[in-house]
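Below is one structure, written out as C-alpha cells; comments come after it.
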Amino acid sequence: MNAWLEPLHNISLQLINGQIPEWGNWSYLILAVLVAIEGPFVTLLGAAAASAGVMRPIFVFIAAAGGNLIADSLWYLVGYAGKIEWFLSIGQRMGLNRRHMELLQKNMRKHAVKVLFFAKLSMSLMIPSLIAAGLVKARWRRWFPAVFGGEVIWTGALVLIG
C-alpha cells in the first residue's frame, strides 16, 4: 500500500512547495477524469493552469468538454437503466403520482432537445434532465447534439473566465 501512497505524497509536497509537477500529455487525461467527477471548478483550475503557461488552452477545452460529455452520458445511462415504477414508488412519498410521471414522459419526449440544451447552460438542472431523458429512453442522436452544443458554450465560457 505504501507504494501507492508515496507518489501522492511526493506530488503533495511539490504543490506545498509551490512546484507544479510536469505530467506532459497525461495532465489532460487527468483533467478530463477530474472534470467528469467534479466539473466546473476543475475546468476553472485547468484554465488557470493554461493561463499560467502550464497547459495549452485548446487542450484544456477539449479535455474538459470530453470529461463533461462522458459524465453526461453516464447520468443519461443511470436514467436509462431505471424504471418509471421505481421513481413512482419513491416519488409517492414526495407527492408525485402516476399522472405527474406521465406528463413528465410526454413533455420530455416532446421537448428533450430544448430542455437539455438550456439545462446544460445551468449548473443545477443538468443531472435531473439527463436522468429524465434516460427514463423516457430519448434517442442519443436526438439529444446528444443539443448537449454537445451547450457543452461548447459552457466549457468555452469557463475556459475563457479561467
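Only the coordinates and a few stated rules stand behind these numbers; no lab work does. For clarity, every value in this text was computed on a predicted model and none was experimentally measured.
In a solvent-free Debye calculation with one equal scatterer on each Cα, what is log10 I(q)/I(0) for region 93-149 at q = 0.13, 0.24 Å⁻¹, listed in the order of the q values?
Results for region 93-149 at q = 0.13, 0.24 Å⁻¹ read -0.32, -0.93.
Going through the DSSP H helices of the chain, which span 24 Å or more along their own axis at the Cα atoms while scoring at least 0.0 as a mean Kyte-Doolittle hydropathy?
Taking the DSSP H segments of the chain (at least 24 Å long, mean hydropathy at least 0.0), we get 57-81, 140-161.
Once you compute Rg and the Kirkwood Rh from C-alpha atoms, what is the Rg to Rh ratio for the chain?
So for the chain, dividing Rg by the Kirkwood Rh gives 1.10.
Starting from one equal scatterer on each C-alpha and no solvent at all, send me the Debye-based log10 I(q)/I(0) for region 43-84 at q = 0.16, 0.23, 0.27, 0.31 Å⁻¹, two decimals.
-0.50, -0.70, -0.82, -0.95
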